[in-house]
Each structure stands twice: as structure tokens, then as C-alpha cells.
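Below you'll find the structure, written out as C-alpha cells, and then a few comments.
What follows draws every value from the coordinates through simple rules; no lab data is involved. Quick caveat: nothing in here was measured; it's all calculated off a predicted structure. Heads up, the Cβs are rebuilt from the backbone with ideal geometry, glycines too, and the neighbour counts pull from every protein chain shown.
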Amino acid sequence: MFDTLSITGELIERTSSTMRVQEIVQLSLAPVFLLAGIGAMLNVMNARLTWLFDRIEIIERHEETGEGGREVEELPALIQRQSYAQKAVNLSTSAALTICVVVAVLFISAFIEPRIGTLVAILWVATMVQLSIALLLFFRETNLARATAAERRRRSREILARKREEEG
């Protein structure tokens, strides 16, 4: 019982320091700004992903009714783009969650004795790796998006040929 009161008293003493809390808030500003940037990036990525989902659905509906025409030939390329966009969104979301953990760990570090700066650094690097890969995937998706219809159909044929090789 007395140990609990002692620990509680020590915790209250550590957290009552307005200066310490201010320092932690200042330290968490960079991750929070990064979190806002990731949110803006996710808005753009999700808009593209939604467009791809809608476009694929429209083409598939046209294909079912026999109205697809040549646009059906573009489906494998659109599905590939969708995959890149989805992976980029997933990695960006994971990076945002990692940043939330960074902010939480920063606040926790103010109230515990063990130094956990290494953990914060590792989480920060993990966030940068996730964001870098997400941006590369998004770059790939947007690069593929600028192809002409003929190029998309050619790429779709190549994708289908690779699938047949892998299966056969």
C-alpha cells in the first residue's frame, strides 16, 4: 500500500513540473506536424484509390453487359495501379500510427526513469522508411497513370502473359 502511494506521489511530483510537460509538448510538435502531412498525403492517395476502384467497377459492369469494348483490355493495368495505390495507403497509415506511438512514447518518457530515446529514434526511422516506400509506390502508380490507352492495353497484355508463365 505504501509502495503504491510512494510511486503515485513520485509520479505526481514528476508530472507537476509545468516546464517538463512544456518540453515534451515542444518535442512532440515535429511528429504532430508530420502526422498532419501524412493525413494530407492520405487524402490525395485515397482520392486516386477511390477513382481506381470506381473505374474498375464501371469497366467490369460494362464487361458483364457486353458493352466493355477495348476498355476491358485495360483492366489488368488498372488493377496493378490499384495495388500500388493500396499499398501506398497502407504504408502511409502504418507510418501515421507509428508517429502516434512516437508522441505517446515521448510523453511516457517524461514520467519514467529508464531513458527510451533509442526507442523513439527507432520508431522515427521506421516511420521514414514506411513513408519512403509509400511515396515510391505512389510515384509508381502516378507514373503508370500517365500512359496512353494503347500503352495500358500493352501493359495489360504483358501482365497477363507473366501470370500465365507463373501458372504454367
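The charge dipole of region 89-155, taken about its Cα centre with unit charges on the Cβ atoms of Lys, Arg (+1), Asp and Glu (-1) only, comes to about 580 debye. Once both labels are positioned 7 Å from their Cα atoms along Cα-to-Cβ, the gap between residue 25 and residue 57 label points is 4.4 nm. Note: relative contact order over the chain, using C-alpha pairs below 8 Å and six or more positions apart, is 29 percent.
Legend: calculated FRET efficiency, residue 126 to residue 147, from the Cβ-Cβ distance at R0 = 41 Å, rounded to 0.05, equals 0.80. Taking a point 7 Å out from the Cα of residue 163 in the direction of its Cβ, the residues of region 34-77 whose backbone N falls within less than 14 Å of it are 60, 72-77. The simple Förster model, with R0 at 45 Å and r as the Cβ-Cβ distance, assigns residue 116 and residue 70 a FRET efficiency of 0.20.
Shown for the chain is the translational diffusion coefficient from the Stokes-Einstein equation, using the Kirkwood radius over Cα pairs, a temperature of 4 °C and a viscosity of 1.567 mPa s: 66 µm²/s.
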